[in-house]
Amino acid sequence: GADEDSAWRTDGLADLTKYQHKAMVQGSSDLTTLEATTSSVDEGEAGKVKQLYDLVFGVEYDRDRPSGVLVEVLRGGSLDVGMLHSSVREGRDRCTIELWYHLPPATQINDEIILARRSLSAVGDDVDRLCYGSEKENVLWEIAVLSNGEIEFRSSGGSTLSSVSQTLEEGNEGTEGENDEIETTPVKDGLVSYEREEGGGGWNHVALTFSTKGHRSAAMCTVSLFMRGSKVVTSDVNMAPQEVDEHDLRNTLLLDEMMERTALIFGLNPPAGFRMTEVRVWSCERSEDDIKMMMYEYLRAAETKKKFKVKIRNKRGSTQGTSSGGGSLLAPPKGGKKIVRLEKPSERRRSLALNDVAENEKEGDENKEEVGTDPFDFSSYPFGTFGGEASSTDQASSSGGGGGGGGGMEWATSLTSEITDGFAVGENVNFFSDFDVVPDQTSGSKESASYNRMASMEVAADTPNILEPEFSSPLSHQVRSSAAAALIRGPPAARHFGGNRGGLERASLQDRSERKRHGIGAIAICGAEKTVVYSHDQDPPGKTYPIGASGAIISDEMDDGGSEYLCCFLAKDKRMVVFELRTKTVVVELQMTTKLNFWRYLPPQAHGHTLVFTLITPIGGFHWMPLDESPRPRQMWKRSTELQGKKVISYEEGGSNGLSGGDARSTVALLLASAVSTSSAGAGPVEAWCIPMSADSHSQFKASCLREDVLGAALFRPNDMGGDGLPFLPILVTAVKVGKSDIMLQLEPLTEDFAKSSVTTNDISTCITLEQLATEQEDLPEPALAMGSLPKTIIICFDDFIIAAVRSKGLLAVYKYTNGNLSMAGRSQLGEYIVDASIRKGVNDGEFEVVLLLCDPENTKDGRVATIRI
């Protein structure tokens, strides 16, 4: 703050990114100083975040004196984005520029202030001449504060936008901060804020977005102006340079030559006391939510924390190395008794997100949040080990579906209800101590005899298509009763086995799921000190890891080495951490500052044939690829107003964009949501929403509710779809109630609705009535489940087969899809409540397996696994 080091006056100011652009101060640099910021931008924790400075102009500059800060932009460089590119360079067709600036009292301002401009400059020219306010000949665009307090955007093609051309919509409130300097009133009539005579005020934030996407002419561009995070005007403008016609713009070589050298200039004609700080250029068109959320937050590039590598112990427990620096991993657990804890961030530090969204949050349908679209920060910790060998279940522990890991977990309202044994999600509950492997006591056990008799249910010999299940021993014979109850209850905000996968393209050879029996997720149960991963077909069935968490999900094996990735949520610290279980390493850490409504592992085909977790927040749906070089979650769709406040019941993705390798993407998402956000077992009805998938244009696509009252739904890709490598949308399968007790399966092909930027259905292609074998039978006893009893019917798909599981009846029906029609392939009356169901390829070619988690009707805290091979 003392401005002792003045090398920046001659050498320039370097940006924080890897591109290290130089910003050169123009004019009388000795009259320009750097001072500790007085803005409301979060400065972060001292020592961990670089000092934020204001560039302060000590004297007034008129139009005929050079001033401001200039950054050269070369053709093809990282700043050459947003305009005047041919259609072959679609990746450069959008841009966002934003900055904070402080205005002295209005009485001290005699002329307009040019906040930013971009100008052309021939190679070899003196770029300093571009920094005169009066120099207009080479200007492509500029944005200025006029003497009457409005902001005006001007382009070389003669277009003009004014901040007072539109008034703010009623109810668009300003954003409040922690500093007294911040404006807490709405952007009134599009006018800027000046410093008050008695002091205070004067800080303003401005942002411009540019997009040439969708325009046929290279000169046309859609420009939006934002003041303090609120959009005030947007319009199509002409960016054609002076004396350049449309024919010239179609000539790519001529266009590149003309744009070979340009400059971005900030702060021209400043009055005495003018300040600016936090100048940002983004190579994307940021949404209003993005801008509003991030305008007060420091960027991750400002952090000074160093990444580090930790090696704690080998398989025998001896130390192999030490940390190369201070870090967030503690010493290794000893004897499997200590928890892995990540360093808790300072109370003052804020991540790349809004800290406290929806302070006046209400329950039910009113549970809506106005939040941004980047609720994450992340840090990579490559190869940091987190402990020795995972122990088998003789040292394992259990929780009530995520009861440990500290309080404060922000699950959706419906997930914070009372759980088994009276504990609530988020409480620091430890009932792991009695989670041990228990010998199978089937013989001589009265309890076992009662439960196992269901396996010997007799079926008439002449009943056709009866499928015989294979039953495991009761869960309470594999683990202690507390662990069995936790397994039945399931993980918070996730399905036990993950969910349907049958709407995606066929797994390629590079995907592990094609070569081994995968497709059914293991169940992770968590507590304050340990996490247990339960796999029904492993021996022993569970492994214990010294990781305390509030909830966890696990991936398939992702490579020939059998790498599995455990994604854990630590509610107390609001952190998400991914561990690679085979090598016992911490892969990446993610800071979350918004609620997590639902999460699951997605098959690799959904996004680039890599590890993908989907995270659903009040903002929308994100794909998180922890193995990417830049593992920031990518928003795939935005949560519409109609979806706010509704409980997410299940989520899956399907379809294909027809691309291969890292460019492969799913094309549509199916989300089941209950119309009322409540923990009631009878909550409903269940709505089926389809959402187009796009990482680039999620704000343009709209979710559509295709069915308002379904028993269940899934996406289905039959064998004859997508095999040619072309893009496709899957078929929507829904189960609806017909009459008093019948259930009908309906198949409806999905199609794009270009008029509404959404997805809709064609006419029903085929349907079939599900023959219930126990129509008159009363519903089976229902266990306490973290996700509740919805949907009533689970639908899963594999190749040409569709399986419907009526949960409360214990009924499973299998149908085969042939030439556009459905036919019964088999059925099974299990006599036990179906907690969850999934499907995968069988051991032999032409075989698949349906795996079901069942609940004991005489003890709803126990259950077993049934496998049906078809």
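The values are calculated or read from the model by the stated rules, or taken from the named source; none is laboratory data. These figures come from a predicted structure and were not determined experimentally. Note that we place each Cβ from the backbone using ideal geometry, even for glycine, and neighbour counts take in every protein chain shown. The accessibility values were calculated without ligands, DNA or RNA, using every heavy atom of the protein model including side chains. Shrake-Rupley method; radii C 1.70, N 1.55, O 1.52, S 1.80 Å.
All conditions but one from (1) hydrophobic (A, V, I, L, M, F, W, C); (2) under 22 Å from Leu852 (Cα atoms); (3) surrounded by fewer than 22 Cβ atoms within 10 Å (Cβ to Cβ) apply to Ala528; the one that does not is (2). Filter the range 827-860 for residues that are closer than 22 Å to Arg495 by Cβ, open to solvent by 40 Å² or more (accessible area, probe 1.4 Å) and among the β-branched types (Val, Ile, Thr) and give the result. Thr860 - this is the single residue of the range 827-860 that is closer than 22 Å to Arg495 by Cβ, open to solvent by 40 Å² or more (accessible area, probe 1.4 Å) and among the β-branched types (Val, Ile, Thr). Scanning the range 38-80 for residues that are in a loop (DSSP other than H, G, I, E, B), open to solvent by less than 10 Å² (accessible area, probe 1.4 Å) and more than 20 Å from Tyr296 (Cβ to Cβ) yields Tyr61, Ser67, Gly68, Asp80. Taking (1) free of Cβ contacts under 8 Å to residues at least 60 places away in the same chain; (2) farther than 23 Å from Val127 by Cβ; (3) assigned to a loop (DSSP other than H, G, I, E, B) in turn, Val244 satisfies each apart from (2).
Restricting to the range 38-65, give me the number of residues that are within 25 Å of Asn110 (Cα to Cα) and among the polar types (S, T, N, Q).
Start the filter on the range 38-65 by keeping residues that are within 25 Å of Asn110 (Cα to Cα), which leaves 38-39, 54-65.
Among the residues that remain, those that are also among the polar types (S, T, N, Q) are: 38-39.
Matching residues across the range 38-65 total 2.
The number of residues in the range 582-641 that are closer than 21 Å to Gly499 by Cα, touching a helix residue (DSSP H, G or I) at 6+ places or on another chain (Cβ under 9 Å) and β-branched (Val, Ile, Thr) comes to 3. In the range 662-679, the count of residues that are modelled with pLDDT under 90 and basic (Lys, Arg) is zero.
Quick one: is Glu43 at pLDDT 90 or above, under 17 Å from Arg275 (Cβ atoms), out of contact with any helix residue (DSSP H, G or I) (no Cβ under 8 Å at 6 or more places or on another chain) and not hydrophobic (A, V, I, L, M, F, W, C)? Lay out the reasoning, then the answer.
Details: at pLDDT 90 or above: no; under 17 Å from Arg275 (Cβ atoms): yes; out of contact with any helix residue (DSSP H, G or I) (no Cβ under 8 Å at 6 or more places or on another chain): yes; not hydrophobic (A, V, I, L, M, F, W, C): yes.
No: the conditions fail for Glu43.
Across the range 582-615, the number of residues qualifying as among the β-branched types (Val, Ile, Thr), part of a strand (DSSP E or B) and in contact (Cβ under 8 Å) with a residue 40 or more places away in the chain comes to 4.
Figure legend. Inter-residue proximity from the range 721-742: first residues more than 30 Å from Lys809 (Cα to Cα) and open to solvent by less than 50 Å² (accessible area, probe 1.4 Å), second residues among the aromatic types (Phe, Trp, Tyr) and not in a loop (DSSP other than H, G, I, E, B), beta-carbon distance below 9 Å, spacing 6+ or different chains. Indicated pairs: Met721/Phe728; Gly722/Phe728. When Thr760 is tested against (1) within 18 Å of Val686 (Cβ to Cβ); (2) at pLDDT below 90, only condition (1) is not met. Set side by side, the residues Glu782, Glu778 differ, and just one is open to solvent by 30 Å² or more (accessible area, probe 1.4 Å), part of a loop (DSSP other than H, G, I, E, B) and under 24 Å from Ser472 (Cα atoms), which is Glu782.
Does Tyr601 satisfy the criteria of being more than 25 Å from Asp289 (Cβ to Cβ), within 15 Å of the chain's Cα centre (by Cα) and open to solvent by 10 Å² or more (accessible area, probe 1.4 Å)?
Numbers: more than 25 Å from Asp289 (Cβ to Cβ): yes; within 15 Å of the chain's Cα centre (by Cα): yes; open to solvent by 10 Å² or more (accessible area, probe 1.4 Å): yes.
So Tyr601 fits the description; yes.
Looking across Ser134, Ser119, Ser165, one residue alone is open to solvent by less than 80 Å² (accessible area, probe 1.4 Å), out of contact with any Leu (no Cβ under 6 Å at 6 or more places or on another chain) and at pLDDT 75 or above. It is Ser134. The set of residues in the range 1-16 that are at pLDDT below 85 and surrounded by 12 or more Cβ atoms within 10 Å (Cβ to Cβ) comprises Asp3, Ser6.
Among the numbered conditions (1) surrounded by 16 or more Cβ atoms within 10 Å (Cβ to Cβ); (2) under 27 Å from Lys647 (Cα atoms); (3) of a type outside the set (Ser, Thr, Tyr), the only one that Phe801 does not meet is (2).
Looking at the range 24-31, can you tell me whether even one residue there is open to solvent by 10 Å² or more (accessible area, probe 1.4 Å), within 25 Å of Glu285 (Cβ to Cβ) and touching a helix residue (DSSP H, G or I) at 6+ places or on another chain (Cβ under 6 Å)? If you could, list the steps in order and put the result at the bottom.
From the range 24-31, those open to solvent by 10 Å² or more (accessible area, probe 1.4 Å) are 24-31; that's our starting set.
Subset that is within 25 Å of Glu285 (Cβ to Cβ): none.
Taking every residue of the range 24-31 in turn, none turns out to be open to solvent by 10 Å² or more (accessible area, probe 1.4 Å), within 25 Å of Glu285 (Cβ to Cβ) and touching a helix residue (DSSP H, G or I) at 6+ places or on another chain (Cβ under 6 Å).
A quick yes/no check of all residues on (1) farther than 24 Å from Tyr61 by Cβ; (2) within 36 Å of the chain's Cα centre (by Cα); (3) part of a loop (DSSP other than H, G, I, E, B):
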position: Asp248; (1), (2), (3): yes, no, no
position: Ile265; (1), (2), (3): no, yes, no
position: Pro270; (1), (2), (3): no, no, yes
position: Thr277; (1), (2), (3): no, yes, no
position: Arg280; (1), (2), (3): no, yes, no
position: Cys284; (1), (2), (3): yes, yes, yes
position: Lys292; (1), (2), (3): yes, yes, no
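Among the conditions (1) farther than 25 Å from Leu130 by Cα; (2) modelled with pLDDT of 90 or more; (3) open to solvent by 60 Å² or more (accessible area, probe 1.4 Å); (4) more than 35 Å from the chain's Cα centre (by Cα), Gly202 misses just one, which is (3). When the range 271-286 is filtered for residues that are closer than 14 Å to Val25 by Cα and modelled with pLDDT under 95, nothing remains.
Scanning the range 133-142 turns up at least one residue that is farther than 23 Å from Arg275 by Cβ, part of a strand (DSSP E or B) and without any contact (Cβ under 8 Å) to a residue 40 or more places away in the chain.
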